1. What's the number of the condition Lys233 fails, among (1) crowded, with 21+ Cβ neighbours inside 10 Å; (2) without any contact (Cβ under 8 Å) to a residue 24 or more places away in the chain; (3) not aliphatic (A, V, I, L, M)?
2. Of all residues in segment 91-103, how many are away from the ligand (no atom under 16 Å from the Cβ) and either in contact with a helix residue (DSSP H, G or I) (Cβ under 8 Å, 6 or more places away or on another chain) or aliphatic (A, V, I, L, M) (or both)?
3. Cβ-Cβ below 6 Å, separation at least six or inter-chain, first residue in segment 189-212 and farther than 14 Å from Thr239 by Cα, second within 16 Å of the ligand (Cβ to nearest atom) and of a type in the set (A, V, I, L, M, F, W, C): which pairs?
4. Of Gly173, Gly138, Gly114, which residue is modelled with pLDDT of 95 or more, open to solvent by 10 Å² or more (accessible area, probe 1.4 Å), on the phi > 0 side of the Ramachandran plot and of a type outside the set (Val, Ile, Thr)?
5. If you go through segment 281-299 one residue at a time, how many are away from the ligand (no atom under 16 Å from the Cβ), closer than 20 Å to Leu214 by Cα and either surrounded by 24 or more Cβ atoms within 10 Å (Cβ to Cβ) or β-branched (Val, Ile, Thr) (or both)?
6. Can you find even one residue in segment 21-42 that is surrounded by fewer than 21 Cβ atoms within 10 Å (Cβ to Cβ), at pLDDT 95 or above and β-branched (Val, Ile, Thr)?
7. From the residues in segment 55-78 that are of a type in the set (Gly, Ala, Ser) and more than 14 Å from the ligand (Cβ to nearest atom), which one is surrounded by the most Cβ atoms within 10 Å (Cβ to Cβ)?
Amino acid sequence: MNLTRTPIEYPAEPHTYRSSSSWVSALALAACAPKAASQPPVRIAPLKSIAPFPIGTCVQAAQLDDPVFAALVAAQVSQLTPEWELKMEYVLQPDGSYRFDAPDRIAEFAADRGLRFFGHTLVWYAQKPDALARLDGGAFRDAFAAYIQAVVGRYKGRAVAWDVVNEAVAEDGDGWRDSLWSQRLGPLEHMRFAYELAHAVDPGAALFLNDYNLESNPRKRATFLALAEQLLKAGAPLTGLGTQTHAAADLPAGAITAALKDLASLGLKVRISEMDVSLTRADGLLSSPADLRSRQAALYAEAAEAFAALPAAQRFDFTFWGLQDSQSWLRRENAADAPLLFDDAGRAKPVAAAWEAALRS
Ligand code: XIL
């Protein structure tokens, strides 16, 4: 089975934290890429042994065929999230049938090693599958329900939690995104219904609302929190809030701490769901590569400290969007980026030691 995926036609802007001069940092970094790769590896204890909360990473099924990478994953984390193979674009076939080979592989890998399995994601604006779009009225609603029931049902008792709704808030924080789901089932109703369906199938699974740029865009964060309150008021069995934390190295200090405090203010579970810190998305005009790396380390340390400072009962997990740089989705955007804790060979980088030190302090 060909696991290389066809790229999603993501609207280009959303995740770009790119400023006009990030090509400068890309250039600066590219100029020193060799040095980045040759950073002296550091010795750290396994991430999951350092943190008083679950540590996760995203993976793709084929990556687990690499015994070196599989060993790194098993040694470092206590939870796995399918990076894309549990999204509609993979599971839902053009004829309306479902395929679960790749997510099954990841779930089995996790179960065999006593790792948690996190389901990502059921309802996402970026997914507009024809198999559903061609239906209308009741048929659409029934197929929407059947999809959620089938996916949550398959991992009932195995998935510890789900990102039920992903990226519902508009890019600039001005209201909610328009999507196939909101058009057909209603702006709030499609979300409320999705949580109701998932909970009915697996009452034991925690159910999250997940989004990005909640650190860099306070207005978006406020809209996200208001949406969570509206869902709760509408009776949605929402368990927790996830902030993706796809940061750039020039994210101001304190932004992550402020965001986590706000998210925890509703008393729900909180998770960092997809952390990476891009060097090449940062405004590198005034920054040397060494400066960008030290700001990267400071952001990872801040995230560790701020998450650890949350009430233990609210800390669900801290997930990285990959472990080694060669695995990162950001490499497709810029081959010089090095956004993760381990280098291409799976060796811990100084930024990993900064994360460890922040949790030990
Ligand atoms: C990304 C994956 O990392 C890529 O492999 C894929 O091409 C696109 O999706 N927010 C999310 C994740 O919720 O699902 C996205 O993952 C990254 C941004």
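1. Exception for Lys233: condition (1).
2. Residues that pass the stated criteria total 8.
3. So the pair list comes out as His190/Trp181; Asp211/Val169; Asp211/Phe224.
4. Gly114
5. 3
6. no
7. Filtering first and then ranking leaves Ser78.
Conditions tested, residue by residue: (1) under 22 Å from Ala194 (Cα atoms); (2) acidic (Asp, Glu); (3) within 16 Å of the ligand (Cβ to nearest atom).
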site	(1), (2), (3)
Leu80	no, no, yes
Glu83	yes, yes, yes
Glu89	yes, yes, yes
Ala111	no, no, no
Leu115	no, no, no
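The values are calculated or read from the model by the stated rules, or taken from the named source; none is laboratory data. Computed from a prediction, not measured in an experiment: that's the story for all the values here. Virtual Cβ from ideal backbone geometry, glycine too; neighbours counted across all protein chains shown. Each accessible area value is taken on the protein alone, full model and side chains, heavy atoms only, with ligands, DNA and RNA left out. Shrake-Rupley method; radii C 1.70, N 1.55, O 1.52, S 1.80 Å.
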